[in-house]
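This report concerns only the one structure given below.
A short reminder: the numbers here are calculations on the coordinates, not readings from a lab. Small disclaimer: the values here were computed from a predicted structure and weren't measured. Here the Cβ positions follow ideal geometry from the backbone for every residue, glycine too, while neighbour counts run over all protein chains shown.
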Amino acid sequence: MNQELQQAADKLIRDIFAVRKNENVVITADDDTNMQVVKVVVQSVKAVGAHPMVISIPTPSGVGKAADPELPIEPLSQALIHTDVWIEFNHQWLLYSTPFERAEAANKKLRYMCLVDFNEELMIRTIGKVEVVELRKFMLAITAKTKAARSMRVTTPAGGDVTFNIDPSHYTACDSGDASMPGIHMLTGQINVVPEFGSINGKIVFDGSVTPPLGAIPDRPIVLTVEKSKIVKIEGGKDAGIFDDFLKRFQDDGMLRMAHIAYGFNPGAILTGNIVEDERVWGCTEWGIGYVSPFDAPPHGQSAKSHCDGICLNSSVWLDDCLIMKEGVIVDKDIRDLVPSEINK
Ligand SMILES: [Fe+2]
């Protein structure tokens, strides 16, 4: 395990971040972080002759801006503004908090990656064992195909059937295991699309993790009825009721609006109830609800008090009425040969 874990950490630092000698690497953590993961990443940073710095804080009660009142905003911001690399291993994430926003605005060289709630096994499965060079070719091809389309339809065996338009002015993020350039990066194996606002219609069924508020797979699939991108009905079991209450408690129209959809394409990811891993299970789609940043959907994004995500397993996807993925299996003739060999085993 230790050797496999160290190899995974080396891959993160050498291959994905391409950390160079004398660069500064800040690793953030909180009281709920798995410190074994932090320890091996520190070793990998030292091994390439760079300078690691671990900043650990008491776990805040909220995430993003909701964490602000409990954060050491000034010292944390200053460290993040001056570092080359920031790897976030926090449980309650700092993404979109004030220190994050300050760093993003002032530090144009920053390479950031959000790796919340990581543990040893997750790091080995989703980083250590994933061949990123092969995966990247596939992911770039499906990203290009998606960006070129005007409309998208997604169905799932659980009963989902939803359509929407693709807005070419919105940013399509492809996280394929390359964090060597400045920017906001996520764990390998996700392509994110922000649909044209107001264009989403149909049913979306969450049968993987829903986070927040559940932080787990629901007791029964949660069925959302969506009209013009707004959730008008939520049905299912006990967890559907909890989810409905959670969204309505914000008393914010933005928290009833669909935000983004992402394809999951990490060959190592398995369904565990951890959203970071579940949303990368091969062939799933993940829907976000609520806040969208102005960067992802210029010029204003979508304002909302918070953001949550849910997973739809084994998705079928049509781009401009052409089926490219059938229940999680790539069928498009242009890209099916690019699917990493570990998926076809
Ligand atoms: Fe999201």
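Rounded to whole Å, give me the distance from the Cα center of region 180-224 to that of region 289-310. If we compute the Cα centre of each part, the gap is 12 Å. 3J(HN,Hα) couplings calculated from phi for region 316-321 with the Karplus curve 6.51 cos²θ - 1.76 cosθ + 1.60 (θ = phi - 60°) are, in sequence order, 10, 10, 10, 10, 6, 6 Hz; Gly and Pro show x. Extension gain, HIS82-ARG336: 0.36 nm per intervening residue step, less the Cα-Cα distance, totals 87.2 nm. In order along region 38-54, the phi-based Karplus estimate (6.51 cos²θ - 1.76 cosθ + 1.60, θ = phi - 60°) of 3J(HN,Hα) comes to 4, 4, 6, 5, 4, 4, 5, 5, 4, 5, 9, x, 9, 10, x, 9, 9 Hz; Gly and Pro are listed as x. Rounded to the nearest whole Hz, the Karplus-based 3J(HN,Hα) values (6.51 cos²θ - 1.76 cosθ + 1.60, θ = phi - 60°) of region 227-233 follow the sequence 10, 6, 6, 10, 6, 10, 8, with x at glycine and proline.
When the alpha carbon gyration tensor of the chain is reduced to an equivalent ellipsoid, its three semi-axes come out at 31, 24, 19 angstrom, largest first.
Sort 315-325, 245-255 for me by packing, meaning the mean count of neighbouring Cβ atoms within 10 Å per residue, highest on top. It would help to have the intermediate numbers written out before the result.
Numbers: 315-325: 17.7, 245-255: 14.4.
My ranking of the peptides, most packed first, is 315-325, 245-255.
From the alpha carbon centroid of region 69-85 to that of region 1-59 is 18 Å. With R₀ set to 22 Å, the beta-carbon distance separating GLU131 from ASP31 gives a calculated FRET efficiency near 0.05.
Between amide H atoms placed 1.01 Å from N, distances below 5 Å from ALA173 occur with ASN192, all of them 5 or more places distant or on a separate chain. Here the contact order of region 12-115, divided by its residue count and restricted to Cα pairs under 8 Å and six or more residues apart, works out to 32 percent.
Taking 7 Å steps out from each Cα toward its Cβ at ALA144 and VAL329 produces label points 2.6 nm apart.
Within a 10 angstrom radius of the beta carbon, how do SER293, SER151 rank from fewest other beta carbons to most?
Working: SER293 18, SER151 15.
Ordered by Cβ neighbours within 10 Å, fewest first: SER151, SER293.
Taking the average, over residues, of other Cβ atoms within 10 Å as the packing measure, peptides 270-283, 135-148 rank 270-283, 135-148 from highest down.
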